[in-house]
Amino acid sequence: MKPKEKLREHWGSRLGFLMATAGSAVGLGSLWKFPYVTGQNGGGLFVLAYLVFTLLIGIPIFLSEMMIGRTAERGPVGAFTSLGGKEKGWRFVGWSCVIVSFLVLSFYAVVSSWALNYSLLSLLNFTRGKNPEQIRQVFENLYQASDINLLWTFLFLALTTGIVYRGIRKGIEFWSKILMPALFLILITLLLYSVTLEGFPEAFRFIFYPNVNKLSPTGLLQALGLACFTLSLGMGIIITYGSYMQKSEDIPKTAVIVAGIAVLVSLLAALMIFPIIFTFNFPPEEGPGLLFKTLPVLFEKLPGSLLLSTIFFLLVVFAALTSTISIMEVLVATITETFGVSRGKGALIVGGIVFVVAIPSAASGSNGIFTHWTEVYGMNFFDTLNDFCFTWLLPINALFIAFFAGWSLSKQVRKDGLLEGSSWAFFYPPWIFLVRWVVPLGILFIILQQSGVV
Ligand code: PFF
C-alpha cells in the first residue's frame, strides 16, 4: 500500500477539473472587486485595460503556472524548488506565492463573511420599509461591527477548511460542479432585471466607452493586478491546481475557457450593478462596499425580494468559497509537502493561522486592533492590505513566474509541459513571445510608471 499512498491525487474528471479551476477564477474578484475598481477608475478605459491585460499578460501567465504545476506535480514551493534545479533562488518565488496567499485569504475571508452576513440579513428581510439611504447604511453598520465580522469570518473559514479537509475529488471537485452552474444561472436572471432599469443605457456607456481623463497610472496597475487576480495568478493557485491535472488534459484550451468565463462574469457583474447606481444616483466610486450597498436597493424593488436577495448572497458566498478553497489548497499542499503532515492536519493548521491573520482585517472598520493605523497609513488595515496585494505583490510574483517559464526552464520542459495532451500546438510561438517579452516588459513598465520613474 505504501507507494500507492505517495501517488499524487488527480482530478476525477475533465469537467470537474474545469469547474474547480473556473470556480477558483470566478470569485469576489469578478463579483465584488471588478465593479468597484471600475467605478473608482471612471469605467470604459479601465475596463479596456483590464481586457487587454487579461489577454496579453493574464493568459500567458495562466499557461505558465499550469505548465509549471503539471510538470512538477507539486505546489508552488516544491515546483520552483524541483524545476529550478541548481538555481536555488527560485524557491523564494514559491514562498512568495505562499505568503501572498496567506495575506489575500485573510482579507478575502472578511469580504466573504460580509456576503454570508447578507444572506442571513436577507432572510430576515432587512430591506423592508427602508429607503435606499437606510439600506446603504446597513453596510456601514456591519463594516464597523468588529465582533460580528470576526464571528462570520471564523464561520466562513471553518467552511473552507472543511471542504479542503475532504480532499480534491470529494471536496473541491464535487462542490465546484454544483456551485458554478448555479452561480451562472442567478447572475443571468439578475442581469435581466437590471437591463430593464432606466439607468441601463448610461451604465452601458460607462462600462464600454473609454473615458481618457479618468485613468491614472495607479489605475493601470490596478487593472493589471485585477487581471492577475481574477485569473487567480501570482498566488500559486493555478500551479497547485495544475499539479493535480492529468497529462492528457489540454492546458491551452483550459486557459482560454477559464479566462473567458472569468471575464464574462466580471462584465456581467458590472452590467448588473451599474444600472442600479445610475438609476438611483449613487456614486460609482463607492469603494469596497459597492456590491453590498447597491444590490439590496434593487432587490427591495423586486417581487420576491426575500428569496432573490438570499439566493444571490448565498451564491456570492459560493463563488467566494470555490475561490478560497483553491487558495487554501495552496497552503495545505505546501505544508503537507514541506513538513510531511497529513492533509487533514494541514487544513486545520492553515485554517487556524489564517483566522489569526484575518483578525486585524475583520476589525479594521472600527480600527479595532491597530487603532492608529488609519492616521499613519491614510487608510485602514483592510484597505492597505487589499491595495498592497493588488498593486504590488501580485504583479511582482507574476513577473517572476513569467521569467521562470520564459527564460529559466529548458525549451524541452517548457514546450512539452505546455503542449502535452493538447491539440493546440499553434499556441506555443505566441505564448513564448508574450511570456518572454510582453509580460515582463509590460509589468516592469507599469511598475516603473507607478513609482514615478517613467
Ligand atoms: N480569482 C479569484 C477571484 O477573483 O476571486 C482569486 C482568488 C482570490 C482566489 C482569493 C482565491 C482567493 F482566496
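Details
- Pair list, Cβ < 8 Å and 6+ apart or interchain, from region 147-163 residues that are touching a residue at least 12 places away in the same chain (Cβ under 8 Å) to residues that are open to solvent by 20 Å² or more (accessible area, probe 1.4 Å) and among the β-branched types (Val, Ile, Thr): 150/359
- Among the residues listed as 80, 107, 92, the single one being surrounded by 24 or more Cβ atoms within 10 Å (Cβ to Cβ) and modelled with pLDDT of 95 or more: 80
- Residue check for residue 210: in a loop (DSSP other than H, G, I, E, B) and either of a type in the set (Lys, Arg) or modelled with pLDDT under 90 (or both): yes
- Only helices (runs of 4 or more DSSP H) whose full extent lies in region 1-118 are considered here, and the ones with at least 1 residues that are under 30 Å from residue 292 (Cβ atoms) are 14-25, 34-40, 44-53, 59-72.
- Index of the failed condition, residue 176 passing every other in (1) under 30 Å from residue 450 (Cα atoms); (2) within 20 Å of the chain's Cα centre (by Cα); (3) of a type in the set (Gly, Ala, Ser): (1)
- Subset of region 332-346 (residues that are over 20 Å from the mean Cα position of the chain (by Cα) and in a helix (DSSP H, G or I)): 335, 336, 337, 338, 339, 343, 344, 345, 346
- Residues located in region 241-278, provided they are part of a helix (DSSP H, G or I), farther than 16 Å from residue 194 by Cα and of a type in the set (Gly, Ala, Ser): 242, 243, 255, 259, 260, 262
- Region 300-316, subset modelled with pLDDT under 85 and part of a helix (DSSP H, G or I), residue nearest to the chain's Cα centre (by Cα): 315
- One residue from 223, 227 being in contact with a helix residue (DSSP H, G or I) (Cβ under 8 Å, 6 or more places away or on another chain), within 13 Å of the ligand (Cβ to nearest atom) and outside any loop (DSSP other than H, G, I, E, B): 227
- Take the conditions (1) away from the ligand (no atom under 16 Å from the Cβ); (2) part of a helix (DSSP H, G or I); residue 397 misses just one of them, which is (1).
- Conditions (1) at pLDDT below 95; (2) more than 15 Å from the ligand (Cβ to nearest atom); (3) closer than 15 Å to residue 245 by Cα; number of the one not met by residue 75: (2)
- Test: residue in region 370-384 that is closer than 30 Å to residue 143 by Cα, of a type in the set (Phe, Trp, Tyr) and under 17 Å from the mean Cα position of the chain (by Cα): yes
- If the condition is being under 20 Å from residue 286 (Cβ atoms) and open to solvent by 10 Å² or more (accessible area, probe 1.4 Å), then region 42-61 contributes only 45.
- Selection status of residue 21, of a type outside the set (Lys, Arg) and within 23 Å of residue 157 (Cα to Cα): yes
- The listed residue being within 14 Å of the ligand (Cβ to nearest atom) and of a type in the set (Gly, Ala, Ser), out of 49, 25: 25
- Put simply, of 197, 220 the only residue that is under 28 Å from residue 108 (Cα atoms) and open to solvent by less than 60 Å² (accessible area, probe 1.4 Å) is 220.
- Single unsatisfied condition, residue 281 versus (1) over 22 Å from the mean Cα position of the chain (by Cα); (2) under 20 Å from residue 197 (Cα atoms); (3) open to solvent by less than 40 Å² (accessible area, probe 1.4 Å): (3)
- Taken as a whole, region 254-266 holds at least one residue that is over 29 Å from residue 425 (Cβ atoms) and either under 21 Å from the mean Cα position of the chain (by Cα) or hydrophobic (A, V, I, L, M, F, W, C) (or both).
- Residue in region 63-71 that is of a type outside the set (D, E, K, R), in contact with a helix residue (DSSP H, G or I) (Cβ under 8 Å, 6 or more places away or on another chain), over 30 Å from residue 310 (Cβ atoms) and surrounded by fewer than 24 Cβ atoms within 10 Å (Cβ to Cβ) present: yes
- Scanning region 405-428 for residues that are in contact with a helix residue (DSSP H, G or I) (Cβ under 8 Å, 6 or more places away or on another chain) and among the basic types (Lys, Arg) turns up 414, 415.
- Yes/no for residue 312 being surrounded by 22 or more Cβ atoms within 10 Å (Cβ to Cβ), among the aromatic types (Phe, Trp, Tyr) and touching a residue at least 60 places away in the same chain (Cβ under 8 Å): yes
The values are calculated or read from the model by the stated rules, or taken from the named source; none is laboratory data. Please read these numbers as outputs of a predicted model, since none were measured by experiment. Note: ideal-geometry Cβ built from the backbone for every residue, glycine included; neighbour counts use all protein chains shown. What goes into the accessible areas is simple: the full protein's heavy atoms, side chains included, and nothing from ligands, DNA or RNA. Shrake-Rupley method; radii C 1.70, N 1.55, O 1.52, S 1.80 Å.
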